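The values are calculated or read from the model by the stated rules, or taken from the named source; none is laboratory data. Nothing here was measured: the structure is a model prediction, and the numbers come from that model. Heads up, the Cβs are rebuilt from the backbone with ideal geometry, glycines too, and the neighbour counts pull from every protein chain shown.
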Amino acid sequence: EFTTLQPILMSILICCSFATLIISPISTVAIGLAIQLNGVSAGAAAMGVAATAVALVVHSWKVNKSGVTLAIALGAMKLMMPNLFKYPVILIPCLSTAILSAIPVALFSVSGTPQSAGFGIVGLVGPLASIDAGLNVALAAIVWFVVPIAAAIASKILFENVLKLYDSSVVFKFQE
């Protein structure tokens, strides 16, 4: 299994791959099923999807109508596909959130199934799969919600306010 060689590094690579795929035209669920991700690799894939969802919500909630932000939070990350093609810089906060969120996946052996790999926090599929695989409920809440939210907020502060890498009101504004 990919994650047994170097668990943290491999979790980061899988997490970043799925963090990118979720805002591309490619289906993360189909990829997870096609390559039969399981165990920690499925957990890392689901965390990549979750990290992107959280990053997009944190970065766009002030610049979009509440319906857009709610749709993203409920799983419509592909709404930001036009933004990705127009402003590829959108990947920087998504990937930084994914990198930081992948570390506890490896440290606590957050696991999933091929069916849960591409869902992330949508319908709580990722968190429930990891709890079903033996992860403590409190630890699951920290891993799936606290860490990605903290990482997304930190990336927003760093990349938008400190480094002034982009303007959220432009880059994360829903392209109608």
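Values as computed for the structure displayed
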| read-out | value |
| --- | --- |
| Residues of the stretch 15-41 that turn out to be of a type in the set (A, V, I, L, M, F, W, C), crowded, with 24+ Cβ neighbours inside 10 Å and more than 19 Å from A152 (Cβ to Cβ), as a count | 2 |
| Pairs with Cβ under 8 Å, 6+ apart, first in the stretch 94-106 and among the hydrophobic types (A, V, I, L, M, F, W, C) and modelled with pLDDT of 95 or more, second buried (at least 21 other Cβ atoms within 10 Å of the Cβ) and not in a helix (DSSP H, G or I) | C94/I23 |
| Residue that is modelled with the highest pLDDT [pool: residues in the stretch 21-60 that are within 13 Å of A102 (Cβ to Cβ) and of a type in the set (S, T, Y)] | T52 |
| Residue in the stretch 42-61 that is surrounded by fewer than 17 Cβ atoms within 10 Å (Cβ to Cβ) and either touching a strand residue (DSSP E or B) at 6+ places or on another chain (Cβ under 6 Å) or not hydrophobic (A, V, I, L, M, F, W, C) (or both) present | no |
| One residue from S101, S130 being under 18 Å from A50 (Cβ atoms), of a type in the set (S, T, N, Q) and touching a Cys at 6+ places or on another chain (Cβ under 8 Å) | S101 |
| Sole residue being over 11 Å from the mean Cα position of the chain (by Cα), farther than 27 Å from K173 by Cα, of a type in the set (A, V, I, L, M) and not in a helix (DSSP H, G or I), chosen from L37, L33 | L37 |
